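Enquirer: There's a structure below that I have some questions on.
What follows draws every value from the coordinates through simple rules; no lab data is involved. Model, not experiment: these values are computed from the prediction. Cβ atoms come from the backbone with ideal geometry, glycine included; neighbour counts cover every protein chain shown.
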Ligand code: SF4
């Protein structure tokens, strides 16, 4: 039996295979029945990173995939510096500011 959050694709190119339903259309009673305690936000990101690293928290901490969109949030919290940077104007460049080098 298919997972209730899967449904036959309405797109011909998918050949009738099951695809994930749009979670924005799933009503509350189904969430309660199928996934009563879903992870959201930072907790979901942390869980994904642990999954990515085979459950090894040390490997998540050492992750070198800086291009991954989850990388800044992989420890399960928003870094204070990142939060401030998003809320304030850029600081003028200084000689000792970190730069990307090859
Ligand atoms: S940040 Fe690293 S550990 Fe997290 S999902 Fe991306 S690659 Fe995996």
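Enquirer: With the chain treated as a Gaussian network of Cα nodes joined by springs under 10 Å, which of 16, 55, 41 yields the largest mean-square fluctuation?
Expert: 16
Enquirer: Could you tell me the distance between the Cα centroids of segment 1-28 and segment 65-83, to the nearest Å?
Expert: Here the two parts' Cα centres lie 31 Å apart.
Enquirer: Computed FRET efficiency, Cβ-Cβ of residue 33 and residue 9, R0 30 Å: what is it to the nearest 0.05?
Expert: Values: r = 23 Å, r/R0 = 0.77.
About 0.85, to the nearest 0.05.
Enquirer: Most fluctuating residue of 70, 18, 50 in a GNM of the chain with Cα springs under 10 Å: which is it?
Expert: Result for the chain, Cα springs under 10 Å: 18 fluctuates most.
Enquirer: Can you tell me the convex hull volume per residue for the chain, based on C-alpha atoms, in Å³ to the nearest whole number? Write down the numbers at each step before the final one.
Expert: Details: hull volume 22.7 nm³, N = 102.
Roughly 222 Å³ of hull volume per residue.
Enquirer: Which FRET efficiency value, to the nearest 0.05, do you get for residue 88 and residue 42 by plugging their Cβ-Cβ distance into 1/(1 + (r/R0)^6) with R0 = 25 Å?
Expert: Calculated value: 0.70.
Enquirer: Same structure again: Go ahead and estimate [θ] at 222 nm for the chain from helices alone: -39,500 (n - 2.57) per DSSP H run with n ≥ 4, summed, over the residue count, rounded to 500. Provide the component values of the computation, followed by the final result.
Expert: Numbers: 4 runs with 32 residues, N = 102.
The helix contribution divided over the chain gives -8500 deg cm²/dmol.
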